[in-house]
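**Student:** The following block contains the structure, expressed as structure tokens.
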Amino acid sequence: MPGKKGINPIRSMAEPLELKKTLNLPKTEFSMKASLPQNEPKQLAAWEAEHLYERILEVRKGKPLFVLHDGPPYPTGEIHLGTGLNKILKDLVVKTKSMAGHYAPYVPGWDCHGLPIETKVEKELGGKGKVPPAEFRSLCREFAARYVEQHKRDFKRLGIFGRWNEPYLTMNFDYEAVIAGAFLDFMEKGYVYRGRKPVYWCFHDSTALAEAEVEYEDHVSPSIWVKFAVVGGGKGEASKLGSDISAVIWTTTPWTIPHNRALALHPDFDYAVVETERGTLLLAADRVAALQAECSIAEARIRATYKGRDFEGMNFQHPFLPIQVPGVLATYVTLDQGSGIVHTAPGHGVDDFNTGQKYGLEIAAPINDRGIYLEGLPEYKGKDVFTANPIIVKLLADHGALLGHHSYKHSYPHCWRCHNPVIFRATEQWFIGMDQAAHGASKSLRQETLEKIRGVKWIPSWGEDRMYEMIAERPDWCVSRQRFWGVPIIVFYCDSCGKRLEDFKALRNVVKWFEKEGADAWYKHTPEELLPAETKCSCGATKWRKENDILDVWFDSGSSHLAVLKGPEWPADVYLEGPDQYRGWFHSSLLIGIGIRNNPPYRGVVTHGWTLDEKGQPMSKSLGNTLYPAEICERWGADLLRLWVASVEYQADVKMSERVMTQLSDAYRKIRNTFRYGLSNLVDFDPARDALPNDQLEEMDRWMLERTADLVKRCREWYAGYEFHRVYHAIHDFCVVDLSSFYYDVLKDRLYTKAAKSKSRRSAQTAVWKITSALVRLIAPILVFTAEEIWKYLPKTPGEHESVHMALFSEPSSIEAGLPGHVRSNWDQLLRLRGEVLKVLEVERTAKLINSNLEAKVLLRATGELETLIEKYNHQLPGLFIVSQVGRLGAGAATVHPSEAIPGLEILVQKAEGAKCERCWNYSTHVGESRRYPTVCERCTEALAEIEGAHEEAA
């Protein structure tokens, strides 16, 4: 029947409310299904349209500066999982620093010069030397630019923020000018020299290689034992040895035998003259047994022994060349392999070369860029070194000098790009002297660098010792390459007298050309155009010719801190790369920083491991065990890949597989659903209007806020220490255990059944809002897309940023609820008590005593402080256990469950008393007492009265 005009018949409360409609059931548009592969690209487009990265920097202006300097990858193909791991880790660092209140720009970079690009372009051209150098450089530039754009797209797809529109490229004109200027700085300080030394040489690519450009792979070499007949000389009793005795050497490079110029012995080792069926032989006494085994020698009788130093100056006959070679002393000789006498070819090894310098030996290496002998016997002249191996073995056998020969599988240096074996070859190259001091300085580059390494923070800590050892043991840095695609070495030679131009003011004029035209200017202009007018040699001539070599690509990338970091940005706060960069970018950057600015270019170095499949095998196309970032984004979404990066202990090698992604998908779902539950209970909550101050919050809500503040504090500390896996596991466990399995489960009754605006419900909502706000900020650096989606649905206070990525991490103090320590301890103990009660409830559900916890009445017996605690919180225990009633267990009760974890605690579960409330489903003896609502309990009767009162006020 219609009511009076202006009066709503329902609101007049003439009729009872429909019970179902009085419940505050969860409601949100935040989807349970993430659909990340479909939704992430839309969010990326929105971020780009909104210029989010620039807006983040704008709101951080004036904040403390933090710089992660990006190590430049080669733009040569699709990014692989290792590259994805690297970039996401860097993004985690930058985002966490930004949200911690730093101005943290990120400038991505690419290493566009060098062999990797040249190899790809030569492949496209169908071979080497197909076009002139200037055109070849142009093709390399186009190739690099093409793949830079592809990499940009792929990196942005991973949710990585940065200055993508203005990255740094080593092929940019200004960058090439910095590289050239840095080389001139080294030269002007006196570090640079040109000399003939053995270097790694790839004769497939016709270029010298740095140590960082060499990879070790299995290789089968001929292992040979060779005799060098004694001619005469030596010291003491050894000088009496006759030509019937032969010294024995062992080598796996027969092709170097033509260039042997000495035999090296250790001064302190014992050497034996041994009579065998293969002749009388001289070798280390400790290696006689090895000789017998390797060369099938049955009997060996030691005639006499001598010290190695006794053979210094003794002459030996080369096995097939008409030359004699001396005995020399060297402490690098070992007894691990071979004969204890080292075949020494100064043109083909660093130790050999140094020995050659000490003794004035010929540095023989008449081999061209293609590895072909230019001199020698007709048998091998004109052949490449590896083809010559069996030929030289035959020569040795024909001359009666071969004692033993077999195949030997070992780890051997290969070119990192073409994967062909390399050789050591003495050539004229440009070097930076490690043991050279700058003009006016007392300490060498090596000494300065070793001292400064100790001031860098290395994560993991073993990085310090690794870098120290590498710097301590490395040879001079060969910085020249015989290629075209790179920055030319700024050196001119006088056409008349051949002297090198040392007018550095004139040389720096070339740098200005590079700033305008890039390094291509070197190939487009004459020396007279590049140099200031009338630049003269000391001989009076004005005609010059240019150096043909270019700089080592590691010099290019190692100069990045000079080119990119401006003013207070230098030195960078951190470099982050894989373990190979201790001999690569970490290494070259350090030397250039010390050499030019006398300090490391970084305050800290973080190292991550390699990516492996689930069996621990390296991922490779040939094995078919690869998972590419693009594929992961299409199938699972970038946030799942980011979650994987955050979940692993990245400082060790990390495994990836479909099984891993399936497990992470489940973890992601749990985290997402925890957020969804929080949002679904905040649909009617306006923090500016409804949030309660701490002193009005219920005690359990305050306790959960304290736990959340602890979580935030710990996670922020872990973020600061780059311990991302700790953050992930803590957040995951907090969502799954603390919230979903406990707090949110306990809150359901209060959130759903209390009057919408009741103080009790608003207390719960205030806590849920603060917890969700803190958690979404914590998870934002990891789940960049999901966090932004959550942020859109999260109620905000006035002035909050539009994007979670513009926000800051919550301060623990803003979450703490001022709960005294002893009260926190109470709740910690109540949580333990709850765990014990739930175990017994599960037992009784299995026994079919109850079907659900709300059908239960729990009786407790305890002693001491726990008994007091139970009495104090007795009225809250039914809600805490999610049962209908909790009482005290009297004496003589049957079938109690003693707790194993809490001494003195006994638990008994009975069927709850009374009837089931139609509204909240709790059992109560008071159901039926309300005439207006006869099917509900006393708690719901109170709530309904409050709801009706609110309706009447609204009417």
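**Student:** Quick one: accessible area per residue over the range 294-374, 1.4 Å probe, rounded to a whole number of Å²?
**Tutor:** Per-residue accessible area for the range 294-374 comes out at 45 Å².
**Student:** Given a 1.4 angstrom probe, what's the average accessible area per residue across the range 543-620, in square angstrom?
**Tutor:** For the range 543-620, the per-residue accessible area is 31 Å².
**Student:** Hey, another quick one. When the distances between all Cα atoms of the range 673-737 are binned every 10 Å from zero, what whole-number percent does each bin get?
**Tutor:** Going out from 0 Å in 10 Å bins, the range 673-737 shows 18, 38, 34, 10 percent.
**Student:** Please compute the alpha carbon radius of gyration of the range 105-174, then divide it by the globular-protein estimate 2.2 N^0.38 Å. Two decimals is fine.
**Tutor:** Ratio of Cα Rg to 2.2 N^0.38 Å: 1.25.
**Student:** Tell me which of Gly82, Thr96, Phe173 sits at the most positive position along the dipole axis of the range 55-198, charges placed on C-beta atoms (Lys, Arg +1; Asp, Glu -1).
**Tutor:** Thr96
**Student:** Shifting gears a bit: Between Lys452 and Glu166, take the C-beta separation as r, use R0 = 22 Å, and let me know the FRET efficiency to the nearest 0.05.
**Tutor:** Efficiency, from the Cβ-Cβ distance: 0.10.
**Student:** When only DSSP loop residues count, what GluC sites (Glu not before Pro) in the range 260-316 have their Cβ near at most 13 other Cβ atoms within 10 Å?
**Tutor:** Here the GluC sites (Glu not before Pro) that fit, given the DSSP loop and packing criteria, are Glu277, Glu299.
**Student:** Still on this model: What length, rounded to one decimal in nm, is gained on full extension from Leu849 through to Ala46, with 0.36 nm per residue of separation minus their alpha-carbon distance?
**Tutor:** 283.5 nm
**Student:** Where does each of 392-404, 422-434 land if you order them by average Cβ count within 10 Å, highest first?
**Tutor:** The densest-packed peptide leads the list: 422-434, 392-404.
**Student:** Same structure, new question: Taking Rh as the Kirkwood radius computed over C-alpha pairs, what is the Stokes-Einstein D of the range 781-860 at 10 °C in a medium of viscosity 1.306 mPa s, expressed in µm² per second?
**Tutor:** In µm²/s, the coefficient is 92.
**Student:** Roughly how many Å² is the accessible area per residue of the range 101-175, as a whole number, for a 1.4 Å probe?
**Tutor:** 40
**Student:** On the protein heavy atoms, probe 1.4 angstrom, tell me the percent of accessible surface of the chain carried by carbon and sulfur.
**Tutor:** Result for the chain: 50 percent of the exposed heavy-atom area is carbon or sulfur.
**Student:** Same structure again: Could you work out, for the range 667-800, what percent of all Cα-Cα pairs fall into each 10 Å distance bin, beginning at 0 Å and stopping at the bin that holds the largest distance?
**Tutor:** Final binned percentages: 12, 45, 34, 8, 0.
**Student:** Next question. Report the far tail of the P(r) of the range 6-127, meaning the percent of Cα-Cα pairs longer than 23 Å.
**Tutor:** 63
**Student:** Identify the GluC sites (Glu not before Pro) of the range 461-560 meeting these criteria: DSSP loop state and at most 16 other C-beta atoms within 10 Å of the C-beta.
**Tutor:** Answer by residue number: Glu502, Glu534, Glu547.
**Student:** Now, a different point. Can you pull the percent of Cα pairs in the range 287-351 with separation above 18 Å?
**Tutor:** The calculated P(r) of the range 287-351 puts 52 percent of pairs beyond 18 Å.
**Student:** Show me, for the range 321-338, the HN-Hα J-couplings you get by feeding each phi into the Karplus relation (A = 6.51, B = -1.76, C = 1.60, θ = phi - 60°), rounded to Hz, glycine and proline as x.
**Tutor:** Here the 3J(HN,Hα) series is 10, x, 9, 10, 10, x, x, 10, 10, 7, 7, 7, 5, 10, 10, 6, 9, x Hz.
**Student:** Excluding residues on the same chain fewer than 8 positions from Lys240, give the lysines whose Cα lies under 20 Å from its Cα.
**Tutor:** Lys227, Lys307
**Student:** Pop out the ³J(HN,Hα) list for the range 500-512 in order, Karplus 6.51 cos²θ - 1.76 cosθ + 1.60 with θ = phi - 60°, rounded to Hz; leave Gly and Pro as x.
**Tutor:** 7, 6, 10, 7, 5, 5, 5, 5, 6, 5, 5, 4, 5
**Student:** Take the Cα gyration tensor of the range 634-681, multiply each eigenvalue by 5, square-root it, and list the three semi-axes largest first, rounded to whole angstrom.
**Tutor:** 24, 12, 9
**Student:** Can you compute the radius of gyration and Dmax for the range 221-265, using only the Cα atoms, both in Å?
**Tutor:** Looking at the range 221-265, its Cα Rg and Dmax stand at 12.4, 38 Å.
**Student:** Report, for the chain, the % of DSSP beta bridges that are antiparallel, rounded to 5.
**Tutor:** If we restrict to bridges inside the chain, about 75 percent are antiparallel.
**Student:** Enumerate by residue number the GluC sites (Glu not before Pro) in the range 867-949 meeting two conditions: DSSP loop (anything except H, G, I, E, B), and at most 13 other Cβ atoms within 10 Å of the site's Cβ.
**Tutor:** Within the range 867-949, the qualifying GluC sites (Glu not before Pro) (loop, at most 13 other Cβ atoms within 10 Å) are Glu900, Glu913, Glu929.
**Student:** Also, quick follow-up: Can you give the accessible area of Glu78 in Å² (nearest 10), computed on protein heavy atoms with a 1.4 Å probe?
**Tutor:** Estimated to the nearest 10 Å², Glu78 gives 100 Å².
**Student:** Tell me, what HN-Hα J-couplings in whole Hz come from the Karplus equation 6.51 cos²θ - 1.76 cosθ + 1.60 at θ = phi - 60° for each residue of the range 342-349, using x for Gly and Pro?
**Tutor:** Taking θ as phi minus 60°, the curve returns 9, 4, 10, 10, x, x, 9, x Hz for the range 342-349.
**Student:** Could you tell me the calculated FRET efficiency between Thr542 and Asp465, based on Cβ-Cβ distance and R0 = 56 angstrom, to the nearest 0.05?
**Tutor:** Taking R0 as 56 Å, the efficiency between Thr542 and Asp465 is 0.60.
**Student:** What FRET efficiency do you get for Asp495 and Glu188 if R0 is 30 Å and r is their Cβ-Cβ distance, rounded to the nearest 0.05?
**Tutor:** 0.80
**Student:** Taking a quarter of the surface of the Cα convex hull of the range 215-363, what do you get in nm²?
**Tutor:** 8.9
**Student:** Working with all protein chains in place, sort Ser852, Ser589 by solvent-accessible area computed with a 1.4 Å probe, largest first.
**Tutor:** Of Ser852, Ser589, the descending order of accessible area is Ser852, Ser589.
**Student:** If I take the Cα coordinates of the chain and project them onto the principal axes, what are the three extents in Å, biggest first?
**Tutor:** Sorted from largest, the Cα extents of the chain read 125, 76, 51 Å.
The values are calculated or read from the model by the stated rules, or taken from the named source; none is laboratory data. Predicted, not measured: the structure shown is a model, and the values here were computed from it. Please note: Cβ atoms are built from the backbone with ideal geometry, for glycine as well, and neighbour counts cover all protein chains shown. SASA here: full protein model, heavy atoms, side chains in, ligands and nucleic acids out. Shrake-Rupley method; radii C 1.70, N 1.55, O 1.52, S 1.80 Å.
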